[in-house]
């Protein structure tokens, strides 16, 4: 029962479908027939137009591509330039430290030791006879060190460009050996750069045995350029001051000027 | 220490001398030369220029006794003394 009904339904459906499809087909055909004439003409035109268009597009595309290549090349060169500039900047920033040091050494800026102010100068410098400078001496000891430390002359008259010798005396009055270390200062400060020591007892540890007394020489000279510096025009007294500190084991004083 | 970076004004920074430190004369080997030099200074109103021979002799004493590195005296600023030593002696006497 069910199957017969289904069959009937199916056939009916098919029939309807077939009918509609034929009708559709007819419709299609009529439309096609109508359309072909116009469409052929249209096709011909459009193909020609398309051909023409495609030809133009090809040349246009070629132009576009070459321009893009150009830009690519340009971009590449610009990028390399920028990269080179960046690398150069980094290099320059690293080179800045030694370069600035060189500059400071050449000009003596910021209190940097001027290269060439060393022993070579001593052999060739000429004394400036008409400029007599009074060098006074001062001695100090830190509270922790029990030395008797004093200069043996209160002053010396020196001319720039002439080496001079001065003496200090240190005595250890205690019953045990004491190691001392000294540093110096020059007043006025601006004169300090002209006050050159060839040899002294500073910056090195000195050991004095119990009740020992020693002479400590300072061998120095004043740079002949002292006479040419306008800021030194009114300086006729330079004070050299030494201070002794007790050197304790395990303590290392930083060397001044190298910090 | 003030580290103001002013152009033209140099700040003072103590720096160790070129030749380091004198070793201590523990036995007073050159004490007599020092006494002569100090006496000379006192006699000449502490004018260093007149006692250069004495200071040179003191340094030579130190060099001879290995209390100082041996060096030609010209490098210590005594080239005027080594050149015309006799002349200066005549002038002094």
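Things worth noting here:
- Partner chain coverage, peptide A:196-207 - average Cβ within 10 angstrom: 6
- Ordered by the number of other Cβ atoms lying within 10 Å of each residue's own Cβ, fewest first, A:144, B:49, B:55 fall into the sequence A:144, B:49, B:55.
- Proxy reagent accessibility, fewest Cβ within 10 Å first, across A:178, A:158: A:178, A:158
- At R0 = 45 Å, FRET efficiency that the Cβ-Cβ distance of residue A:75 and residue A:228 yields, to 0.05: 0.15
- For segment B:10-70, the square roots of the Cα gyration tensor eigenvalues, ordered a ≥ b ≥ c, give a/c of at least 1.5 with a/b no greater than b/c, which places it in the oblate category.
- Prolate/oblate/rounded label for segment A:119-246 (Cα gyration tensor, a/c 1.5): prolate
Rule-based calculations on the coordinates, nothing more; no lab input. Since the structure is predicted, the reported quantities are computational estimates derived from the model, not experimental observations. When we count neighbours, we look across all protein chains shown, and the Cβ atoms used for this are built from the backbone with ideal geometry, even at glycine.
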